1. Calculate I(q)/I(0) for the stretch A:437-578 by the Debye formula, one identical point scatterer on each C-alpha and no solvent, and give its log10 at q = 0.14, 0.15, 0.21 Å⁻¹ to two decimals.
2. Ranked highest first by average number of other Cβ atoms within 10 Å, how do B:319-325, A:13-19, A:349-355 line up?
3. Give the distance, in whole Å, between the Cα centre of the stretch A:178-218 and the Cα centre of the stretch B:49-116.
4. Given 20 °C and 1.002 mPa s, how large is the Stokes-Einstein diffusion coefficient of the stretch B:223-323 in µm²/s, with Rh as the Kirkwood radius over Cα pairs?
5. Over what distance in Å are the Cα centres of the stretch A:402-427 and the stretch B:182-206 separated?
6. Pop a pseudo-label 7 angstrom from the Cα along the beta-carbon direction at both residue B:200 and residue A:118 and give the gap in nm to one decimal.
7. I'm checking a number: the convex hull volume of the Cα atoms of the stretch A:84-177, normalised per residue, in Å³. What is it?
8. So what's the gap between the Cα centers of the stretch A:577-648 and the stretch A:106-176, to the nearest angstrom?
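Rule-based calculations on the coordinates, nothing more; no lab input. Note that the structure is a prediction, hence the values are computed from the model and not measured. Cβ placement follows ideal geometry from the backbone for every residue including glycine, while neighbour counts extend to all protein chains displayed.
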């Protein structure tokens, strides 16, 4: 961090945009009042695979208000320039209305544009589509696998063969959907050859680049705006087909078009956390020192794109062991393409690895925390790099103390309260945070206020607030006098708002820009004969509350306003940047947690109720403790959903998602969420970012499901290896 | 949503006239509007009856309850007489839906509520209830939440209401008003099993209006209560549920009223369980033995076999909660 006093960073502040949000004045993508906008509603394929043989749009077009029905039979050919960026996975992306093929149930096959939303919805229900359907393949267990991505060190087969203690377990993880409260939505407007899009996205830059590629437009012809995101959890990390549909419909009808996905369409119009079948074989010596692990990981992807995520990392570096082999196979199915969802890869792998560690601990009669301590590595054994910081041991110690771990009986079914069996469980969590190059711009105006801009996003973690905190301290201003702006592709470019990357990446760029502006001001002052700071060494000057003064003599100084006015400066300005992590890497840089759960399981009815949860986090410096708590609670709630409730159910007969709504796809409600507590280890991690942060938003969901599953085992003696854990598994 | 006309009526005569012309009655609209949005329901004319004077709860001469059809779920649940005379009714209501929905939805609408079967609600799926003759996608589809009792090859959808389970247990009467005057139908006859006509769900004649649900008096003291088993703790339909009312005098069960929800195509009255209880003294073994008869005749499907066991355990648990011991 800079020599500046830290007044805002580290303070438990409320969201700077809180008032806007609770008064309904925060404008989300669909809420922009674009003059003359008409409405578009997508018609979804009602088969799981095949071809469209006919589309009858007569009844729809006859409806009052319906302007146009666009489908593959009348849509113009779109350039769809290759775009390896924008988070597009390898493959051939969905091309809207470009041919008669149906790749999955729910794929857009037509769009109805009308002057009112009601007319567009009714029109969409009247479009009759004929198909030549073939049997889709949507069952992960019953389809051909791609060639594996492999990892190996040592000789895992031999290691396992020679291990005195072995475990061979297969876990099934259900598909999960993000289900943010705000539906995905796009408003598209063409002004001649220029396209402006208001779009729900976690990355205006990515959406900008994809739209430019799809329509073959020069970069400067596209602008993407999105100041507020009503939840994302990863669903906004790509530009989805409906955004292209909106832009296409706007061009065809020569009107601005608003398109909002229905809740149902969110289940196949955007991505999801893929389902997994994960076999893990573990070997250890008699004292629980791991000797070998073999991971066989199968995960769903679409038939047209190969989506992969960081599901192999945790198995390589969480615990020390000489022999590891991994094979990660994607399984192409007739489904739409998955996307990262909170704690991507690591959350899925951790359920398997951390459950298996619990199984091993039970088998060996060793405390689960002690087993993990015995396998704590001294370096990252996948890269042979030292850890930048790794304080997992401390997470265990603090967590065990604060949660009352010593009260846990190692013997399952030993604690009962009436009809309820009570159990305690824990898990370790690891996440590999992203760090992406980023730019930011800061401007200090003559009135002593500042504006800072970057094309990042705020899907809920509080980017507006935390970046304002960083900027305020670096500029020496109060929170109120700094405005942070995001969500516009015209702002300085950043990477995607995901992977716990934003604080380290955008935060560093913001910090850099603001430091430069402050230094410009200090330089101006110390070289200005009229200034009380004239002749002082620049390094001896700090700024606090908009006033520059000597560090050791606060009386000697002046305000930004006075300084700028006297020097006839309307503003000072600077661009800042973050160039990414050190390359080649010098350290293994990861965020960690220990997560604890207490559950009650109804001994006869099989119901699981989470009673208490605690997360202890080694996430580097915490910029904004109040927002951090929101993140931790949110991640734990998400983990409770994965553990006990969330399951996107597909009817494999025709590839239809049968619970594509929030009544049948269950997410936790308030009553399911108990007392949740978060503790952050003090400290910072200075591996390549000036703020000392490691990122928090992803790691908070890693390990949660395993901690709950392990608590269920401790309560009942039943090891459920399928997520979600439902009553029927415990009857 | 398909286009429709909307009329508000201010007296029952007007309502019946509109109903006879084919209008669909709407009050809280919490089910109907939802289904209209999905185009599952496509009424041409809606007749808003929320202004009719059917919003009273009264105690009948003999100590039963008459709950007007337009009483909202939250009003009924909070009503002092409902809470003291038949806790099973208020508990069932309070465990239903969400507070927002309970503030809108009415008792008449609650028992008219349509199934949550996901195939019924998806107009691109086969469903005999929605489109007679198209087939039942749930029979061999994803059917974890579906019925195990009262099913047919044409339909395996559950009736979703909790309150209706309490009413079925208590042998309530549904009061109806039609062009030919008033009539009363026992709850057991009001909701229809699917058989080969799952599209016919109630014994209602064209244009008939529900005016009230009447819960008959039962000998006192009466203990009653409702247990709902579900994956999450609020805002979800039942996997299984049990409504139980017991009149115990001199240490002997004199009257028993038991019904189950989440398992039947209609609220599932359990006469065999009731018979097993009457004349016996409360004990944990009695509860278990009686509950063992709860799933008689069950026809589980591929994903809901667990409901047989869960139903028996749910009934046993609720018998114990209401009847005591342990």
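1. With no solvent term, the Cα-only Debye profile gives -0.60, -0.68, -1.12.
2. Numbers: B:319-325: 20.1, A:13-19: 16.6, A:349-355: 28.3.
In decreasing order of mean packing, B:319-325, A:13-19, A:349-355 become A:349-355, B:319-325, A:13-19.
3. After rounding, the separation between the Cα centres reads 48 Å.
4. Numbers: Rh = 13.6 Å.
The Stokes-Einstein estimate is 158 µm²/s.
5. 50
6. Modelled inter-label distance: 3.5 nm.
7. On the way: hull volume 20.2 nm³, N = 94.
Here the figure is 215 Å³ per residue.
8. If you average the Cα positions of each part, the centres end up 25 Å apart.
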